[in-house]
Every structure is written in structure tokens, then in C-alpha cells.
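Data first, discussion second: the structure below is written as C-alpha cells.
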Amino acid sequence: MLIRRLVPLTAALILAATSLADARPDTRAMNCEQIQKMVQSRRAVVLTTGPNTYDRYVRQFGNECDWPEVPMSAYVQARDGRCPLYRCDEPVFDFPD
């Protein structure tokens, strides 16, 4: 009896998790201006960038990155071409010899 109750519950949880993953905004379905406005208004947002890829994008100026990361330039594919955004990453310092 317990197993019969757990199977539908497990299926519902899997479906809910799948639906949440599909709920991420897809950059390929939006134009660049829409994407940039979304990031600015939400401060940080996880965006789907391809069939199996996603990442977190942030405003250029703000405290959305954890130290030592800082907002670094990145590009995503938008409906109208490549779109410049920022994502948290560790800075790379190139010191001369």
C-alpha cells in the first residue's frame, strides 16, 4: 500500500523539478534589450543559453558576486544576435615579467 502511494508522489516531484528547469528564461527566445532589462531589474538571473546550458548573469555594478569574483564580460545568443552581459568570475591578472 505504501509503495502505491509513493509512486504518484515521486512522479509528481520529478515533474515539478522538470517544470522548474523549463521555467528559466531562454535567451534565444528574447531580444538583447529584453535580456539586459531583465538582468538590470532582477540584479541577477539564471538564463537558459542553449539546449543544455545555463548560467547566472548579473548587473555590472552591484554586489551580486561573492568575493573574489567580480562581474566579467560575457555574451549570450539572443534572438537578434550576440548580447553582451556580465557574469561572476575570478579576475585574471597578467603581471609583466
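Annotations
- Of the residues L47, V92, V70, the one whose Cα sits farthest towards the positive end of the charge dipole of the stretch 25-97 is L47 (charges of +1 on Lys and Arg Cβ, -1 on Asp and Glu Cβ, taken about the Cα centre).
- Added length on full extension, which subtracts the Cα-Cα distance from 0.36 nm per residue, A44 to A29: 3.5 nm
- Packing, taken as the mean count of other beta carbons within 10 Å per residue, orders the peptides 62-75, 36-49 from highest to lowest as 36-49, 62-75.
- Seen from E90, the other residues with C-beta closer than 13 Å to its C-beta sum to a net charge of -2, counting Lys and Arg as +1 and Asp and Glu as -1.
- Neighbourhood net charge (13 Å Cβ-Cβ; Lys/Arg +1, Asp/Glu -1) for M38: +4
- Here the simple spin-label model places points 7 Å from the Cα toward Cβ, and for Q77 and D94 these points are separated by 2.8 nm.
- Each residue of the stretch 45-59 was assigned a 3J(HN,Hα) from its phi angle through the Karplus expression (A = 6.51, B = -1.76, C = 1.60, θ = phi - 60°), giving 8, 8, 10, 6, 10, x, x, 10, 10, 7, 7, 9, 10, 10, 5 Hz with x at Gly and Pro.
- Rounded to the nearest 20 debye, dipole of the stretch 31-97 from Cβ charges on Lys, Arg, Asp, Glu: 520 debye
Since every read-out is calculated from the coordinates, none of them should be taken as a lab result. The structure presented is a predicted model; accordingly, all values stated were derived computationally and were not measured. Glycine gets a Cβ as well: all are built from the backbone with ideal geometry, and neighbour counts include every protein chain shown.
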